[in-house]
Each structure stands twice: as C-alpha cells, then as structure tokens.
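Novice: Below is a structure I'd like to ask you about.
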C-alpha cells in the first residue's frame, strides 16, 4: 500500500516535472499566461473592492474579513487546480482516444490523467489568492491565539482536499457523459466563487445545500467562522467548524468510488 | 510455451440508438465472438480483416484496456484486464493512427521519460537506444519535437519507443499506414531483424498484404468478430480466388458507352489486393434508381445519367 502510494507520487512528480520543462521552453508564453491568470483572477477581487467603495459591511463581514474568505477559497481552489486541474479534460481524452495510450503504460490512469499537461502557470491564481490572504491576515484586528493560527493551515489543507475530490468526481462523470466538463466547472470554479463571499448573504436553503450536498462551505466558511469568531447562520453545533476533515474524507471516498466505477465502465465499453 | 493464449473470448457492446423522438433502442453488437488462438514466443503473426472486424478490439483486450465479456486471455503469464500495469511492463504497443509519444517533447526526452516510467536499467537503455537510433536512422531526429516529425519519422520514433523496455510481445496496429514505399520497406526490414535478433513476439494488424507477405509466417483472418482463417499466407491465397467479378445492372441500356467495356475493377494482384474469401456466388449489386433529372453535372459515374 505505502509502496504503491510512493510509486504513484513519484510517477506524478516525474510527469509533472516533464511538463514543467516543456512549458519553460516557451518562456515568453509561460510568463504571459501566468501573468494573465494572475490578472484575471485578480479582477474578482477588484470587483469586491469596488463594491466596498459603496458599502462598509456585506452580510455582517468587513472588507478584510471578506478578503480572508476570498483568499482562503482562492488558495484552496488554486492548489487543487494546480495538482489536478487537467483532469477535467478527461472527456476530450476519451473522445480522442488518448486514454487508451495511457492505459498501455505501467502507471495508474489517475496519476497520468492528473499530471498530464501539468501547468505551472496556475501559480498565477495561487499567487493572487495568496497575496489577498496574506494581506487580510495582516490587516485583521484579531487576537491570534494558537488555535486560530493552527486553524489556517487546517483550512488550506482540507479545503484543497475537498476541491480535489470535487474535481475528480466532475471528471469521473465524463466516463458516462463525454462532454460534461462545464458541469464540473460549475461546482469547482463556481463553488469557489460562492465561497469567496460570506454565506450570510445567501438564502438558508443555499447554505444548507453548500453544507450537506456539495460541502463547499467546509472549505473556508466553517473554519473562518471559528477564526473570525462569527455566529453560524444555520446554528449548527460548534463541531461543524472543525468538521472539514469529515467532509473531505466522505468526498474523497465518494470520488474514489465514482472514479473506479467510471474506469471499469470505460474498460468494459471502450467508449 | 505460448506467450499469448486466447480461449473462447467474446466481447459484446451495447449500442444505443435513437429510435423515435425520445426513445432509444439498445442493440448488442458482438465485436468478437468465440475467439481462440495462441501465439508461441518469437512468432510474428499477421492479424488481418476488414474495418470493424474486431482487430482493434482484440488488441485492446490483449493489452488490458478492454475487459472481455467472456472467455480467458493470458499474455506473457499475465491476465491482461486484471494485471494491466504489470503486463504493460512486458508489452509494447504501436497504434499506427496516433502516437503514444508526447507531442511537445523532443524524441530524446520522450525516450528518457520512458526509461524512467519503465525503469529501464541505464546501460540497457543506452544499448537499446543506440541500436534503434542506428537501425531506424533516428540520429538527426532525436532533438526534434514529435509534432514536427513527418508521419514516417514519427512511426519510426514510435516503434523504437515501444521496444526500449525489451518487451516480450509487441502489438503493431497498422504500423505501415500512410507510409511511402521506401519507408515501408525499411520498416519491414527493421521489424524482421528485431524479431529475429531479439526473439520478440509480434502481432501485427495491417491492410497491406505485402506487410504480411514479407514479415509473417502465419496469418490470422478475422471477419465479423470470428476467426475465419489461421495458417500460412499461401494457404490463404489457395483458399480464395484472388479475382473479383463486379456485375452491374443498368437501369436502361447505355446507348453509346464512352467507357471501355471490359475493365477489371479493383485489384487482382497478389501485391496490393485483398484476397476474397470463398463466396457462394458473385454478389449482385444494383445501383439505386435515381431520378433522371439528377446531375447532368457529373455524368462520369452514374449509369443512369444522360450523356
């Protein structure tokens, strides 16, 4: 088991490193694409700044507090996007038949699909999210207790895992419906955009859906309630604020199951 | 010992078609039926048949990409569908229609990546790469990205890639497709040499009978999912008359034919044609009757058009 995980991680690193070298061989294009990602994702935050030139508080949250939510969500999505953002192209690969080429290699299909065309330019999104996150931490008027400090990496790690699982589920669905990457994008990129704002601005039904159905609220909302010391609009037990690992684990198990079923289906239909 | 063992393999697909506005009818298509054969180590076998006969399906099952619906397969001691990754280490695959190399990487980097993926010992890798570079004339191409290679160059690159890790079995799916006469001939020389020197078992699908003639002592023919012939090429030629008769019924007698009356259609020679399997009687083909007003612009094909 440990051996297999190690072998898969090293295979992933090998393929990713190869793609990094490829992208660096077109330096100008790499620089432009990275800068482009930085600017495009940055525009989201500019929109929030514009909004706050008219209002002081949104849903009970100040600009710095929203910057904290925004940065957390953007960073988690950024990490997940960097690690397996290309998995969404699975449908295209199935149609072009390149999945077959991956299946003749002595490596896991999942590793190959995730690492294929690994794009370092996605650091643009991470840099931008990271800057906003860092600024909010600096600007927030908070008593940074040990528990609050520890909650920050906790948020980033489990938030990333939740997005990784959602990316995987979205891709695995394409084993059945070849062209549904947009559906998956609605949950990942769309979900991350929802999570950039305080949930208090959404109807209760939406918050429930984002908690119990597509648990994006566990990425940054519940951990942030703890860090920012805010009341929970759903009045869930305080344990919910620490439940991100549970949501991440459930989603990961579901993702693994759907992926395996999808691969089995592909190998029994060949289309 | 047989390196490939196929016993009673079936592979069916459920195909859904639209039949009506919302209803969809599903039909079961048998891509391969009750297929059995075995290939001994070091053999070079041609696997031929018309498009859609089940050749690719067979190869996909032998590589572990597809799971058979019934029957058992064994390749190099592995059950392909259950031990795909372990088997991949022992086989090489070339899909003539598309490359298994990385589009943006120079050949040299692709090979280096394969060395790591297959964990090829460094000295063995060097030795193999030198041999293939020499035999396939890859020297000047090693630093070219795959996307800039011509079809023939890419095919040579692909074949070297499939052999770098010293596989026991190599599947070549239409390796000569789209190649010019000289490239084909060179490639065949290389394959024959490799088979002889290294004892690699080769299963080759092709539409070019010259490939079979020059390379394979044994040929298997698949048609509509069934193995209809397994033996030597001479045996296959002996079985069917390699000439076809095309009977054309004209709707109305052609008044004055501008075409030579007796022209052989299709190919009859051994070299380029497809030998026909024994048929009960020549098939009759009647052209669909077209409205007479149609196409005075293209009088060249239709027997009904007025010239």
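Quick note: the coordinates plus some simple rules give every number you see, no bench work behind them. Given the structure is predicted, the values throughout are model-derived calculations rather than measurements. Here the Cβ is made from the backbone with ideal geometry for all residues, glycine too, and neighbour counts use every protein chain on show.
Novice: Just checking: which of the helices (runs of 4 or more DSSP H) contained wholly in the range A:10-119 hold 1 or more residues that are within 28 Å of residue A:155 (Cα to Cα) and within 12 Å of another protein chain (Cβ to nearest Cβ)?
Specialist: By residue number, A:109-115.
Novice: I'd like to verify a number: residues in the range A:45-92 that are under 22 Å from the mean Cα position of the chain (by Cα) and either buried (at least 19 other Cβ atoms within 10 Å of the Cβ) or in contact (Cβ under 8 Å) with a residue 24 or more places away in the chain (or both), how many?
Specialist: Selection size over the range A:45-92: 31.
Novice: On to the next question. Here are the criteria: (1) in a helix (DSSP H, G or I); (2) surrounded by fewer than 20 Cβ atoms within 10 Å (Cβ to Cβ); (3) within 11 Å of chain A (Cβ to nearest Cβ). Tell me which single one residue B:158 does not satisfy.
Specialist: (2)
Novice: Same structure, new question: For a quick check of your reading: which strands (runs of 3 or more DSSP E) sit entirely within the range B:164-245 and have at least 1 residues that are surrounded by fewer than 18 Cβ atoms within 10 Å (Cβ to Cβ)?
Specialist: So the answer is B:218-223, B:226-231.
Novice: Here's another thing I want to ask about it. Filtering the range A:203-236 down to residues that are within 21 Å of the chain's Cα centre (by Cα) and in a loop (DSSP other than H, G, I, E, B), which residue is nearest to residue A:63 (Cα to Cα)?
Specialist: Within the range A:203-236, the match that is nearest to residue A:63 (Cα to Cα) is A:216.
Novice: If residue B:134 satisfies every condition in (1) surrounded by 20 or more Cβ atoms within 10 Å (Cβ to Cβ); (2) more than 9 Å from chain A (Cβ to nearest Cβ); (3) without any contact (Cβ under 8 Å) to a residue 24 or more places away in the chain but one, which is the exception?
Specialist: Status for residue B:134: all satisfied but (1).
Novice: I've got another one for you. Looking at residue A:121 and the list (1) over 30 Å from residue A:150 (Cβ atoms); (2) touching a strand residue (DSSP E or B) at 6+ places or on another chain (Cβ under 8 Å), which single condition is not satisfied?
Specialist: (2)
Novice: Could I ask something else about it? Under 6 Å by Cβ, and 6 or more places apart or on different chains, what pairs join a residue from the range B:40-53 that is closer than 14 Å to residue B:4 by Cα with one that is loosely packed, with under 14 Cβ neighbours inside 10 Å?
Specialist: Taking only residues 6 or more apart or on different chains, the pairs are B:42/B:199.
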